[in-house]
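Engineer: I have a structure here, written as structure tokens, and I will follow up with some questions on it.
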Amino acid sequence: MKRTGTVITLIIILLLSMLGIYYIWQKDQEDPISYLTELPTIETIIKETVATGNIVPKEEVNIKPNISGVIDKIHVEAGDFVKAGDLIADIKVVPNVSSLTNAKNNIEGARTSVETAKLALDNQKAIYNRQKALFDKGVVAANEFDLAQNNYNNALQRYKQEQVNLTGAQQNYDIIRTGTTAGLGNYAQTSIRATVSGMVLDVPVKEGNQVIEANNFNEGTAIAMIADVNKMIFEGKVDESEVGKIKEGLALEITVGAFDNKKFDAILDYVAPKGIAENGAIQFAIKGTLKASQDSTFIRAGLSANASIILDRRDDVLSIKEALVQYDSKTKKPFVEIETGDQEFKRRDIKLGLSNGIHVEVLSGVKEGEQIKVWNALKVPSGRGGYGG
């Protein structure tokens, strides 16, 4: 029995020894765990928010007629440069038949009134002349002569007023028939001219189109749109979550979709005081004036663009990647692990500054040239790798 127990014990010891040797052999076959490292870098860190919008002229003028009619001739097209006073289009007035008939009738009525007033004036003049002759001889009293003189003056005044009414009726007829009349000068023009200098952005009418003058009941028909394309602005919108971070005077970097790898500088000069609900979110309108381009790049009105609103900026500062930063589970303070030897690291607390989500400014705790542990452990086939060291 003793011999059997001894054999069993030896067998167990042998098996355990073999298992131990196998475990050690397996561990030797596994790749060693090695931590990579990275060096701090000098970066320009920009914290920004992005707004989408369009490039539009700062001032856009709609040229509208001051009379209604039909476009007879258009003298410009989109893309032309014009100066204030240049001819844009000619309008042919198409008179309204009813209005024209009424105007003719008014002229006839005014002429009849003038003839009637002339007859009355001639009659009062004859009476006045007789009374004056008698008054000069002392036959009639002064009161009677004064009455005759007063009646003559009233008749003369009525005659003059009827002449004025006839002239007004004739002018009204001319305006209805041709769109203008003698004496109005530039107040009624069938020639539409530019009121400002700039580029013609659009001519929304064609020859033969009817146009309406601007009045209290109608905004009128736009014949041409003119703007100074050297003064362009960015118009966009930002979400309510970002509007509290921006203010007038911040720098903008405008990226226009039509120009690859080209940015335009601008200054934010307007943030809407009231938001507008769009797609379930509150959006605030913003405007930024583009600075004059140093090259000959022509920015067309209406181009879609994105504006990077620079909230803060640090130029050429010592920084590390956000992924290298660890946070203490209790104090929540940031720290990194600095390499002190081959795969040996020491914790060091750091103070952070501005971050753009990828790189973060290091105010203290890390120096240039120090290797920082990439704390996500990696298995490498052999040796130890690293970034920047």
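The values are calculated or read from the model by the stated rules, or taken from the named source; none is laboratory data. Small disclaimer: the values here were computed from a predicted structure and weren't measured. Here the Cβ positions follow ideal geometry from the backbone for every residue, glycine too, while neighbour counts run over all protein chains shown.
Engineer: Test Ala277 against the criterion of being out of contact with any strand residue (DSSP E or B) (no Cβ under 7 Å at 6 or more places or on another chain) and either aliphatic (A, V, I, L, M) or in the same structural domain as Gln371 (by TED's automatic domain parsing) (or both), and give yes or no. Show your work before the answer.
Structural biologist: Working: out of contact with any strand residue (DSSP E or B) (no Cβ under 7 Å at 6 or more places or on another chain): yes; either aliphatic (A, V, I, L, M) or in the same structural domain as Gln371 (by TED's automatic domain parsing) (or both): yes.
Here the answer is yes, as Ala277 does meet what is asked.
Engineer: Examine the stretch 362-369 for a residue that is touching a strand residue (DSSP E or B) at 6+ places or on another chain (Cβ under 8 Å) and closer than 19 Å to Arg313 by Cβ, and state whether such a residue exists.
Structural biologist: yes
Engineer: With the condition kept exactly as written, say whether any residue in the stretch 284-295 is exposed (fewer than 12 other Cβ atoms within 10 Å of the Cβ) and not in a loop (DSSP other than H, G, I, E, B).
Structural biologist: Here is the first cut: in the stretch 284-295, the residues exposed (fewer than 12 other Cβ atoms within 10 Å of the Cβ) are 292, 294-295.
The next check asks that each one be not in a loop (DSSP other than H, G, I, E, B); those that pass are none.
The answer is no, given that none of the residues of the stretch 284-295 is exposed (fewer than 12 other Cβ atoms within 10 Å of the Cβ) and not in a loop (DSSP other than H, G, I, E, B).
Engineer: Also, quick follow-up: Within the stretch 110-131, does at least one residue satisfy the condition of being closer than 30 Å to Ala194 by Cα and surrounded by 15 or more Cβ atoms within 10 Å (Cβ to Cβ)? Break it down stepwise before answering.
Structural biologist: So in the stretch 110-131, the residues closer than 30 Å to Ala194 by Cα come out as none.
So far as the stretch 110-131 goes, no, none of its residues is closer than 30 Å to Ala194 by Cα and surrounded by 15 or more Cβ atoms within 10 Å (Cβ to Cβ).
Engineer: With Thr101, Thr116 as the choices, which residue is more than 30 Å from Asp312 (Cα to Cα), modelled with pLDDT of 85 or more and assigned to a helix (DSSP H, G or I)?
Structural biologist: Working: Thr101 fails: modelled with pLDDT of 85 or more.
The conditions single out Thr116.
Engineer: Separate question: Kindly indicate the residue of the stretch 368-389 that is modelled with pLDDT of 50 or more and touching a Leu at 6+ places or on another chain (Cβ under 8 Å) and also nearest to Thr331 (Cα to Cα) among those meeting that condition.
Structural biologist: So the first thing to find is which residues in the stretch 368-389 are modelled with pLDDT of 50 or more, and the list is 368-377.
Right, trim to touching a Leu at 6+ places or on another chain (Cβ under 8 Å) and you get 368-375.
Details: Glu368: 26, Gly369: 28, Glu370: 25, Gln371: 24, Ile372: 21, Lys373: 21, Val374: 21, Trp375: 19 Å.
My answer is Trp375.
Engineer: Any residue in the stretch 156-170 that's under 9 Å from Leu121 (Cβ atoms): show its pairings with residues that are at pLDDT 85 or above and of a type in the set (Lys, Arg) at Cβ separation under 9 Å, as long as the two are six or more apart or on different chains.
Structural biologist: That search, which allows pairs on different chains as well, returns Leu156/Lys125; Tyr159/Lys118.
Engineer: Then there is this: Specify the residue that is surrounded by the most Cβ atoms within 10 Å (Cβ to Cβ); the eligible residues are those in the stretch 219-241 that are under 15 Å from Lys287 (Cα atoms) and among the acidic types (Asp, Glu). Before the answer, list the steps.
Structural biologist: The initial filter retains those residues of the stretch 219-241 that are under 15 Å from Lys287 (Cα atoms), namely 231-239.
If we keep only those that are among the acidic types (Asp, Glu) too, we end up with 235, 239.
Working: Glu235: 17, Asp239: 14.
Per the stated criteria, the residue is Glu235.
Engineer: Just the residues that are farther than 18 Å from Tyr35 by Cβ, outside any strand (DSSP E or B) and among the charged types (D, E, K, R), please, taken from the stretch 304-349.
Structural biologist: Those that are farther than 18 Å from Tyr35 by Cβ, outside any strand (DSSP E or B) and among the charged types (D, E, K, R): Asp328, Lys330, Lys332, Lys333.
Engineer: Could you tell me whether Glu144 is outside the structural domain of Lys237 (by TED's automatic domain parsing), surrounded by 13 or more Cβ atoms within 10 Å (Cβ to Cβ) and free of Cβ contacts under 8 Å to residues at least 24 places away in the same chain? Talk me through it step by step, then tell me what you get.
Structural biologist: Numbers: outside the structural domain of Lys237 (by TED's automatic domain parsing): yes; surrounded by 13 or more Cβ atoms within 10 Å (Cβ to Cβ): yes; free of Cβ contacts under 8 Å to residues at least 24 places away in the same chain: yes.
Against the criterion (outside the structural domain of Lys237 (by TED's automatic domain parsing), surrounded by 13 or more Cβ atoms within 10 Å (Cβ to Cβ) and free of Cβ contacts under 8 Å to residues at least 24 places away in the same chain), Glu144 qualifies.
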